[in-house]
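Worksheet: one structure, shown below.
Every number here is computed from the coordinates shown, using simple stated rules; none is lab data. Just so we're clear, the structure is a prediction, and the values are computed from it rather than from any experiment. Cβ atoms come from the backbone with ideal geometry, glycine included; neighbour counts cover every protein chain shown.
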Amino acid sequence: MKSINDILIIGGGVIGLTTAFRLAQQNVSVTLIDRQQVGLEASWAGAGMLPPGNLANATTPEARLRSYSHLHWDELSDTLKELTGIDNGYRRCGAIEVYAPAEQDAFNVQVSDWQAEGTVVEDLNRDDLESFVPGLDEQFQTGVRLPNFGQVRNPRHLKALAAACQNMGVHIVENAEFLRLTVSATQPARVVASMPNRVFHADRICLAAGSWTTGLLETIDVELPVKPVRGQMVQLKAEKLPFTHVIEQGRKYLVPRADGLILVGSTEEHVGFEKKNTSEGVAGLLKFAESIVPKLRNAEVVRCWAGLRPGSPDELPFLGQIPQFENLFVAAGHFRSGLQMSAGSARVIADLMLNSTPEIDLAGLTFDRILRSGTQL
Ligand SMILES: Cc1cc2nc3c(=O)[nH]c(=O)nc-3n(C[C@H](O)[C@H](O)[C@H](O)COP(=O)(O)OP(=O)(O)OC[C@H]3O[C@@H](n4cnc5c(N)ncnc54)[C@H](O)[C@@H]3O)c2cc1C
């Protein structure tokens, strides 16, 4: 089999940067291209929550990738700090999970799934809840705690990744706005990336352009069902941090940072590539924060922003080779979990691109699930 000496990665979010870093660790020559500065899109906008997992009992594609990723966060953060001196803020802060009475059935199913997986789950009564979250709204009388739930300060993590890539010799090309893909006239078919004054020759190419991956693939007539899903976020500052655990209710959450900032997230909106904050979105998030911890009504609103999650129909990423092209790989569609799953996805993609066998079963995560189902996942 042909040896792989140089690789081109298109997209410098958390997926592209982590993949570039893992490949560079294997002494491959890597070029990473972004149409703007790296690390400014969904990966910057995210909350940085890192749910736990247990690979030994993971039975679904989602659980396998989440658990595999969970295994690698300690090592990844330590290595980045050693190489760059940047502390990415990774810590196992734990999470408190609460529910409204109407959500009880769905909550019970979720808790049984965690237990079946062997994830540590602690039952909490009202006194326990109050001890972890003083001032938690009275509507919450029971809940659970996930002690191994983690968080990372994603903007710092992206800085650390970009610096580590540079230390390891990754060639980062930013502001490559006019990058395009073409199919070369070879057999088997290969893809070439070029800019007006430059052609990038690489043994293999990985598309990791988040929500923009679909548009890049369209230019070479490949359909990928990845679409942007807007998530709005509000950042609060409390005088004294009232809790240290992440608090989740369903798909909404509060994420406390060590310096007193609290992220309130997030909306899920199908509005194309529109990244603005809306009055309705921000108001809904503020109302949610108050409904969890009423005294947050006095917290300062520091800023708000929005990002575009790369959403896929089954909420799982596409990892692996595009079957029509010998040299083209994709790593996109991580939706709500791309920060958490970046640690495992990068290893999987690096293995595949270097002709090694990944350490987890990729059934349900590769491109061929589209071909099997005719894109209707
Ligand atoms: C509000 C919000 C909260 C979230 N919270 C969490 C969370 O708590 N935990 C979690 O795990 N995940 C979370 N996510 C999801 C996570 O952020 C994403 O799944 C992840 O960042 C996707 O990473 P990516 O590298 O695929 O995409 P992106 O970060 O969007 O990066 C794509 C990159 O490709 C570049 N690009 C685009 N087009 C081109 C082109 N033509 N040529 C070259 N480069 C191009 C872009 O400039 C960008 O740098 C959240 C997302 C949002 C929006």
(message) No solvent, one uniform scatterer per C-alpha: report log10 I(q)/I(0) for segment 64-222 via the Debye equation at q = 0.10 1/Å, two decimals.
(response) -0.65
(request) Step through the residues of segment 187-199 one at a time and calculate ³J(HN,Hα) from phi using the Karplus curve (6.51 cos²θ - 1.76 cosθ + 1.60, θ = phi - 60°), rounding each to whole Hz and writing x for Gly and Pro. (result) 10, x, 5, 10, 10, 10, 10, 8, 10, x, 10, 7, 10
(request) List the GluC sites (Glu not before Pro) within segment 111-170 that fall in a DSSP loop (any state other than H, G, I, E or B) and whose Cβ has at most 16 other Cβ atoms within 10 Å. (result) Glu138
(request) At q = 0.12, 0.24 Å⁻¹, work out log10 I(q)/I(0) for segment 289-377 with the Debye formula, treating every Cα as an identical point scatterer and leaving solvent out; two decimals please. (result) -0.51, -1.27
(request) Could you tell me which of rounded, prolate or oblate describes segment 49-154, using a ≥ b ≥ c as the square roots of the eigenvalues of the alpha-carbon gyration tensor, with rounded for a/c under 1.5 and, failing that, prolate when a/b is larger than b/c and oblate otherwise? (result) oblate
(message) Which of Cys165, Cys304 has the fewest other C-beta atoms within 10 Å, and how do the rest follow up to the most?
(response) Cys304, Cys165
(message) As a footprinting exposure proxy, order His157, His201, His171 by other Cβ within 10 Å, with the fewest listed first.
(response) His201, His171, His157
(request) Scan segment 189-270 for trypsin sites (Lys or Arg not before Pro) in coil per DSSP, keeping those whose Cβ has at most 15 other Cβ atoms within 10 Å, and list them by number. (result) Lys240, Arg251
(message) Per q in 0.20, 0.30 Å⁻¹, report the Debye log10 I(q)/I(0) for segment 247-290, using one uniform scatterer on each alpha carbon and no solvent.
(response) -0.71, -1.12
(message) Give the residue list of trypsin sites (Lys or Arg not before Pro) in segment 272-365 that are DSSP loop and have at most 11 other beta-carbon atoms within 10 angstrom.
(response) Lys276
(request) Could you grab the relative contact order for the chain? Cα pairs under 8 Å, six or more apart, rounded to a whole percent. (result) 24 percent
(message) What is the sum of charges, Lys and Arg at +1 and Asp and Glu at -1, for the other residues whose Cβ falls under 11 Å from the Cβ of Glu138?
(response) -1
(message) Set the bar at 18 Å for Cα to Cα. Now go through Lys159/Lys276; Lys252/Lys287; Lys240/Lys276; Lys240/Lys295 and name every pair that lies beyond it.
(response) Lys159/Lys276; Lys240/Lys276
(request) Decide, for segment 330-370, between rounded, prolate and oblate: order the square roots of the alpha carbon gyration tensor eigenvalues as a ≥ b ≥ c, take rounded if a/c falls under 1.5, and otherwise choose prolate if a/b is larger than b/c, else oblate. (result) oblate
(request) Would you please give the FRET efficiency between Ala258 and Ser194, computed as 1/(1 + (r/R0)^6) with r the Cβ-Cβ distance and R0 = 56 Å, to the nearest 0.05? (result) 0.80
(request) Order by neighbour count: Leu296, Leu50, fewest other Cβ atoms within 10 Å first, most last. (result) Leu296, Leu50
(message) Suppose every Lys and Arg Cβ carries +1 and every Asp and Glu Cβ carries -1, with no other charges. What dipole size does segment 254-377 come out with about its Cα centre, to the nearest 20 debye?
(response) 440 debye
(request) Take every DSSP beta bridge whose two residues both sit in the chain, then give the antiparallel share in percent to the nearest 5. (result) 70 percent
(request) Sort largest first and round to whole Å: the equivalent ellipsoid semi-axes of the chain, each the square root of five times a Cα gyration tensor eigenvalue. (result) 37, 21, 20
(request) Report Rg (one decimal) and Dmax (nearest whole number) for segment 262-337, counting Cα atoms only, units Å. (result) 17.5, 57
(request) Return one quarter of the surface area of the convex hull spanned by the alpha-carbon atoms of segment 162-295, equal to its mean projected area, in nm². (result) 12.4 nm²
(message) Quick check on segment 100-159: take the gyration tensor over C-alpha atoms, sort the square-rooted eigenvalues as a ≥ b ≥ c, and tell me if it's rounded (a/c under 1.5), prolate or oblate.
(response) oblate
(request) Based on a Kirkwood Rh over C-alpha pairs, give the Stokes-Einstein translational diffusion coefficient of segment 134-177 at 4 °C and viscosity 1.567 mPa s in µm²/s. (result) 87 µm²/s
